[in-house]
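Report on the structure given below.
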Amino acid sequence: MDFNTRIKYYLENILEENPDIFLIDVDIRSNDSIKIVIDGDNGIKVQDCIKISRAIKSKIDEEDKNFSIEVTSPGIGENLKISRQYKNNVGRDLELKLDDGTFIDGKLKKANDKKIELEISGINSKSKGKKYPRIEKESYYYKDIKQARLKVKFKN
C-alpha cells in the first residue's frame, strides 16, 4: 500500500471508532504533508483534532516516515461540502451560489442525501402599490450547488 492509501485507511479506521466525527477533506501533498478537515455531529473540540492527529502519527511513526500533519475543523466561512454538514445545520441561515451563478439566501429547512430545502423570504407587490411578505420553499440538488456557506449573525 502506498503512503496516501495507508493514510486514508488509518483515517477510516479511526473515524469508525468515533462515529459522531466525520471527514470533510483530506489533502496529502507530494512533500508528505497531510491536512485533514473533520467535523462532528456535536461540533469539534481541539481534543478531537489532537486525538486523530496522534492516532495517525503513531501508525506512520511505526513506518519511520517523515511527514507533517494538520487536523482541523472547517472554518466559519468555509463552504459546506457534504450532506451530513447540511443535515447538522438545519434551521440555520444559508447563502447558496448555484452553478448558473445565482445567489440565494434562505433558512435551511430540510436536508437529505440528495438535496436541501430552503425557506426563502421576500416581498411581493400587489396592485395599488401595496406590498406583503411572502415565504417560499425551494429545493436544490447538491449537484447544482457550487458553494454553500452558513450566514453568521452577530448579536449586539
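For the reader, a short list of remarks on this structure follows.
- The residues of the range 83-94 that are surrounded by 15 or more Cβ atoms within 10 Å (Cβ to Cβ) and either farther than 24 Å from Phe154 by Cα or not hydrophobic (A, V, I, L, M, F, W, C) (or both), listed by number, are Ser83, Arg84, Gln85, Tyr86, Lys87, Asn88, Asn89, Asp93.
- The combined condition, being closer than 27 Å to Leu150 by Cα, in the same structural domain as Lys146 (by TED's automatic domain parsing) and not aliphatic (A, V, I, L, M), is fulfilled by Asn89.
- Qualifying positions in the range 3-60 - among the acidic types (Asp, Glu) and closer than 18 Å to Gly75 by Cβ: Asp25, Asp27, Asp39, Asp48
- Meets criteria (in a loop (DSSP other than H, G, I, E, B), polar (S, T, N, Q) and exposed (fewer than 15 other Cβ atoms within 10 Å of the Cβ)) for Asn18: yes
- Taking the conditions (1) out of contact with any Phe, Trp or Tyr (no Cβ under 9 Å at 6 or more places or on another chain); (2) modelled with pLDDT of 95 or more; (3) polar (S, T, N, Q) in turn, Asn112 satisfies each one other than (1).
- If only residues of the range 81-99 that are basic (Lys, Arg) and over 8 Å from the mean Cα position of the chain (by Cα) are counted, the one that is farthest from Ile120 (Cα to Cα) is Lys87.
One line per residue, one yes/no per condition, for (1) modelled with pLDDT of 95 or more; (2) charged (D, E, K, R); (3) under 30 Å from Tyr141 (Cα atoms); (4) assigned to a loop (DSSP other than H, G, I, E, B):
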position: Lys8; (1), (2), (3), (4): no, yes, yes, no
position: Asp25; (1), (2), (3), (4): no, yes, yes, no
position: Gly40; (1), (2), (3), (4): no, no, yes, no
position: Ile56; (1), (2), (3), (4): no, no, no, no
position: Glu63; (1), (2), (3), (4): no, yes, no, yes
position: Ile69; (1), (2), (3), (4): no, no, no, no
position: Ile76; (1), (2), (3), (4): no, no, yes, yes
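- Among the residues of the range 21-44, those identified as over 16 Å from Ile82 (Cβ atoms) and surrounded by 12 or more Cβ atoms within 10 Å (Cβ to Cβ) are Ile28, Asp32, Ser33, Ile34, Lys35.
The values are calculated or read from the model by the stated rules, or taken from the named source; none is laboratory data. The structure displayed is predicted, hence computed values, not measured ones. No Cβ is skipped: glycine too gets one built from the backbone with ideal geometry, and neighbour counts run over all protein chains shown.
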